[in-house]
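Notes follow the structure.
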Amino acid sequence: MQYAAVTGWGKCLPPAVLTNAELATVLPTDDEWIVSRTGIKERRISHVRLEELAYVAASRALAAAGLQAADLDLIVFGTCSFDDQVPNQSSGLQLRLGAMSAAAMDVNTACTSFLYALSTATAMIRSGVVQRALVVGGEVITPLMDWTNRNVAVLFGDGCAAVVLEASDTEQGVLAEKLGCDAAARGTLVIQGMGSRYADFERRLGVTDWVFEGQEIFKRAVVGMSEASAAVLAAKGLTAADLDLVVPHQANLRIIEAVARRAGLPAERVFTNVHRYGNMSAATVPVALVEALEEGRVPPNGLLLLPAFGAGLTWCAHLLRWGPRVLPLAQSEVQLPPCEHTALELVKSLISRRAAAVGTAV
Ligand SMILES: CC(C)(COP(=O)(O)OP(=O)(O)OC[C@H]1O[C@@H](n2cnc3c(N)ncnc32)[C@H](O)[C@@H]1OP(=O)(O)O)[C@@H](O)C(=O)NCCC(=O)NCCS
């Protein structure tokens, strides 16, 4: 039996931090509301494109695995905020890395994109199509944010992380997964302004309006993540007591707490970092996984559960067996270019450019 072991991991967070208090200077909101409703205290605003974040995260993941980019057979990039739709995001990363033997594909299921990408790469390794894969989850969503809409602008941030998968004979990597989509609710989260239906010359592409039914998403997210989690545990004859750590999608602390309560999981076995980054969509689970490793929360051969949901409304849960190694084999020297601006300056620039674009739209 062939498995797809996780042998490398790396993250890249843009350095510019936007606190709730800073956000409250451009929007009618406040720290108390944001923290009490979501658990979010700050988020990152990227000064570079997604490809740059991914290049750094991927270089770190390859170093952790002790591999060169040329060793990769496959790159699967999970994102919904591509730098370009054509050509795809993963081909840009392939070129930056010099991973010239790799096939390169994107997966977009919104916030679950990394996990669907993990399933894709795992399946291709297990079926013998490829031996070594890089799986990326990353978003630079802040340029697509409607910074005038406080219902959504407080929730999201930018970031990226990647893992390396390698074919293995030992029982490692994804052991079970459950994927699904609650498409009846696809209208609860729509970013209008991205996609060919908006190439009608009536508005500037990229000037977005977010349709966002927060409470409906909340309820369905809790149900989807809980049912998927129960299904993967049942598939392997396990219970929540067998899990070493749960690394859930980080959209809202109250959603995570509700899922943990339903599963009977104590808080110390649930990893959270939503307070630091907000919802980074496809990046939340891989960034949290990397930070759980950095903080020594993943034991050798540990059993992890990764539940998530996203627009669509896609949902999923993955049961993941970690390997014996929880430390990177090497570190990468690759860094982001320096950021010359504060996060607030970056956001103010986005706000004024959007206002100018709206003002000049036909
Ligand atoms: C978005 C979310 C935090 C909103 O929390 P909520 O408790 O449902 O809050 P509501 O939307 O009912 O709004 C309550 C009040 O706060 C106000 N409000 C909304 N956003 C606000 C903000 N940023 N600051 C201050 N007040 C705000 C609303 O206008 C409303 O005021 P009203 O009662 O006078 O009309 C919550 O629904 C949520 O997390 N949903 C899941 C969304 C998600 O994770 N999406 C990710 C998709 S992958």
Report yes if VAL152 is touching a strand residue (DSSP E or B) at 6+ places or on another chain (Cβ under 8 Å) and within 15 Å of the ligand (Cβ to nearest atom), otherwise no.
yes
ARG220: of a type in the set (D, E, K, R) and under 17 Å from ALA110 (Cβ atoms), yes or no?
yes
Among the helices (runs of 4 or more DSSP H) contained in the range 206-288, which hold 1 or more residues that are over 20 Å from the mean Cα position of the chain (by Cα)?
214-235, 253-263
Residues of the range 153-208 being closer than 21 Å to ASN252 by Cβ and surrounded by fewer than 16 Cβ atoms within 10 Å (Cβ to Cβ), which ones?
ARG186, GLY187
For the range 67-122, how many residues meet the condition of being small (Gly, Ala, Ser), touching a Ser or Thr at 6+ places or on another chain (Cβ under 7 Å), part of a helix (DSSP H, G or I) and under 17 Å from ALA308 (Cα atoms)?
1
Which residue, of LEU62, LEU72, LEU95, LEU50, is of a type in the set (A, V, I, L, M, F, W, C), more than 16 Å from the ligand (Cβ to nearest atom) and under 17 Å from the mean Cα position of the chain (by Cα)?
LEU50
Give me the residue from the range 173-187 that is in a helix (DSSP H, G or I) and of a type in the set (Gly, Ala, Ser) and, out of that set, nearest to the ligand (Cβ to nearest atom).
ALA185
Can you pull out every residue in the range 197-222 that is within 16 Å of the ligand (Cβ to nearest atom) and touching a helix residue (DSSP H, G or I) at 6+ places or on another chain (Cβ under 9 Å)?
THR208, TRP210, VAL211, PHE212, GLU213, GLY214, GLU216, ILE217, PHE218, ARG220, ALA221, VAL222
Answer with yes or no whether VAL190 is under 16 Å from ASP146 (Cβ atoms), free of Cβ contacts under 8 Å to residues at least 40 places away in the same chain and either part of a strand (DSSP E or B) or within 16 Å of the ligand (Cβ to nearest atom) (or both).
no
Cβ contacts < 9 Å: first residue under 20 Å from ALA283 (Cβ atoms), restricted to the range 31-45; second residue within 11 Å of the ligand (Cβ to nearest atom) and among the basic types (Lys, Arg), any location; separation 6+ or different chain. Result?
THR38/ARG254; GLY39/ARG254
Where ALA231 falls short, out of the listed (1) of a type in the set (Gly, Ala, Ser); (2) within 16 Å of LEU115 (Cβ to Cβ); (3) within 16 Å of the ligand (Cβ to nearest atom)
(3)
Would you say ALA57 is part of a helix (DSSP H, G or I), touching a Cys at 6+ places or on another chain (Cβ under 8 Å) and closer than 22 Å to ALA133 by Cβ?
yes
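The numbers here are math on the coordinates, done by the rules we state, and not lab data. What you are looking at is a predicted structure, and each value in this text was computed from that prediction instead of being measured. Glycine also receives a Cβ, built like all others from the backbone with ideal geometry; neighbour counts cover every protein chain displayed.
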